[in-house]
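Please read the structure below before turning to the comments.
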Amino acid sequence: MLTLDQVCAGYGRMRILHEIDLHLGEGEIVALVGANGAGKTTTLRSICGQLRVSSGSITFDGKPVSGRRPDQLVREGLVHVPEDRALFGTLTVEENLRMGAWTRTAEQAEASLREVHELFPILAERGSQLAQTFSGGQQQMLAIARALMAGPRLLMLDEPSTGLSPKLTWTMLDAVRRIRDTGVSVLLVEQNAKQALAIADRAYVLESGSTVLEGTGAELADDERVRKAYLGL
Ligand code: ATP
């Protein structure tokens, strides 16, 4: 579904990504883990069309991503939840959700609204509350739910555990698993390697702009180098 082949990218003359190789199949949760500044966010920005790659290729459904605008990619099913969540704080929860459905018909939006209400009942109970009054965990759920309103086939999540307690992170990751079970593939970027590897089907370790290790979530969680560098063991 998604393939990155020797991707290099950066900001101005500063090259951040040196060699990213990654693939994600239909129905998979793939985690991209690595330290602060390794280039995880930059990788997501390259995939969703916000950042032009300087060499290498990114294909989604066999078609190159390069040259297509982020809004075109959203219509094709590639939807990104940025780390800062980018909610509309002074709009209500339901208004935020409906904004996410800007590419869909009214019928599709209603069907997606029912689905996200089922996944996160609190969004139905508190639909008229302003988004800015939500706690960090609730805002993260709202950001993910708003992305689901676009009807993604691939959902890209940038550090969804930011600002959440370990317990809330597990709740959120459990929701990610349920989203995958509905047929949506997930690319999960996380600094929190332990929890990301626990739910990932497969994962990659990113160091200084290059993918250096690949394996199943369980294999990487057992890998000596990963345990020392990222799991504090
Ligand atoms: P974090 O967990 O801190 O978000 P990350 O692995 O996602 O880390 P990136 O945000 O991709 O890392 O940043 C990689 C490098 O690119 C860092 O050195 C960062 O300072 C630099 N960088 C990020 N955004 C920009 C930008 N807009 N302009 C210039 N440099 C940037």
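The values are calculated or read from the model by the stated rules, or taken from the named source; none is laboratory data. Just so you know, these numbers come straight off a predicted model, no measurement behind them. Note: ideal-geometry Cβ built from the backbone for every residue, glycine included; neighbour counts use all protein chains shown. Surface areas here come from the heavy atoms of the whole protein model, side chains and all, with no ligands, DNA or RNA. Shrake-Rupley method; radii C 1.70, N 1.55, O 1.52, S 1.80 Å.
Working out 0.36 nm times the residue gap between LYS167 and PHE88, then minus their Cα-Cα distance, what length gain in nm do you get to one decimal?
In short, 25.9 nm is gained.
Leaving out same-chain residues fewer than 8 places away, which lysines sit with a Cα under 24 Å from that of LYS194?
Output for LYS194: LYS40, LYS167, LYS228.
Taking H placed 1.01 Å from N in the peptide plane, check which residues at least 5 places from ILE29 or on another chain put their amide H under 5 Å from its amide H.
VAL186, ASP201, ARG202
What accessible surface, in Å², does a 1.4 Å probe find on ARG114, ignoring ligands, DNA and RNA and rounding to the nearest 10?
150 Å²
List, largest first, the extents of the alpha carbons of the stretch 86-151 along their principal axes, each in whole Å.
On the principal axes, the stretch 86-151 reaches 29, 20, 17 Å in Cα extent.
Take ASP158, ASP84, ASP223 and sort them by solvent-accessible surface of the protein heavy atoms, 1.4 Å probe, largest at the top.
ASP84, ASP223, ASP158
Enter the Cα centre distance for the pair the stretch 158-231 and the stretch 2-49, rounded to the nearest angstrom.
Going from one Cα centre to the other spans 15 Å.
Provide Rg over Rh for the chain; use the alpha carbon set for both Rg and the Kirkwood Rh (inverse mean inverse pair distance).
My calculation of the ratio gives 0.96.
Could you check the spin-label model distance between ASP174 and ARG225? Points 7 Å from the Cα along Cα→Cβ, value in nm.
Placing both labels 7 Å along Cα→Cβ, they lie 3.5 nm apart.
What angle do you read, to the nearest 10 degrees and between 0 and 90, between the alpha-carbon axis of helix 136-148 and the longest principal axis of the chain?
With rounding to tens, the tilt is 90 degrees.
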